[in-house]
């Protein structure tokens with residue numbers, strides 16, 4: 001609300017001062033709707049050559065609809081950049097990026113998982129291998145999506161509505 005004051009003065013035998021308060025009223029703006037939030041459970045695993053399942057990462061995160069999040073899990077190796085005389089950290093491990101959004105009225109997930117490993121490190125060379133898996137799919141709350149990837153990689157994603165307790 002903005003307020004404007006107008007003061008009028010009249011000169012004569014007596015001095016009169018009149019103040020008028022003008023108040024501008026605006027239509028109330030509608031209350032902003034809160035962006036829906038969801039709890040996303042992710043399990044990224046790999047079947048080893050001996051047939052046993054190895055869990056690589058199992059994060060659970062709260063995600064706001066329409067917002068991209070990245071979950072890095074891993075390590076880094078320092079590589080010497082001789083041109084700039086500095087050490088550069090090269091990251092490897094697991095990285096999961098995901099976004100929940102509405103498409104044609106349906107809740108949809110766009111998720112990308114990358115698994116990378118340090119293969120070789122020498123004085124003038126670093127080799128990091130990686131494999132990735134991406135899925136864009138409509139989701140049903142509470143139902144698990146399972147996706148098989150290359151190299152025995154598998155991930156499972158379950159999306160649920162966030163409750164007030166889960167948001168804290």
message: Any residue in the range 121-145 that is without any contact (Cβ under 8 Å) to a residue 24 or more places away in the chain sitting within a Cβ distance under 6 Å of a residue that is loosely packed, with under 13 Cβ neighbours inside 10 Å? List the pairs, counting only those 6 or more apart or interchain.
response: 127/119; 127/120; 129/119; 131/150; 131/151
query: Could you list, in sequence order, the residues of the range 105-141 that are surrounded by 13 or more Cβ atoms within 10 Å (Cβ to Cβ) and outside any strand (DSSP E or B)?
result: 139
- prompt: Which residue out of 73, 62 is surrounded by 12 or more Cβ atoms within 10 Å (Cβ to Cβ) and touching a helix residue (DSSP H, G or I) at 6+ places or on another chain (Cβ under 8 Å)?
  reply: 62
query: Restricting attention to the range 26-47, which residues are at pLDDT 85 or above and surrounded by fewer than 14 Cβ atoms within 10 Å (Cβ to Cβ)?
result: 35
statement: residue 87: passes all of (1) within 30 Å of residue 34 (Cβ to Cβ); (2) exposed (fewer than 12 other Cβ atoms within 10 Å of the Cβ); (3) over 19 Å from the mean Cα position of the chain (by Cα) but (1)
statement: Heads up, the strands (runs of 3 or more DSSP E) in the range 47-89 (entirely inside) with at least 1 residues that are closer than 16 Å to residue 121 by Cα are 69-81
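The values are calculated or read from the model by the stated rules, or taken from the named source; none is laboratory data. Given the structure is predicted, the values throughout are model-derived calculations rather than measurements. Quick reminder, even Gly has a Cβ in these numbers, built from the backbone with ideal geometry, and neighbours come from all protein chains shown.
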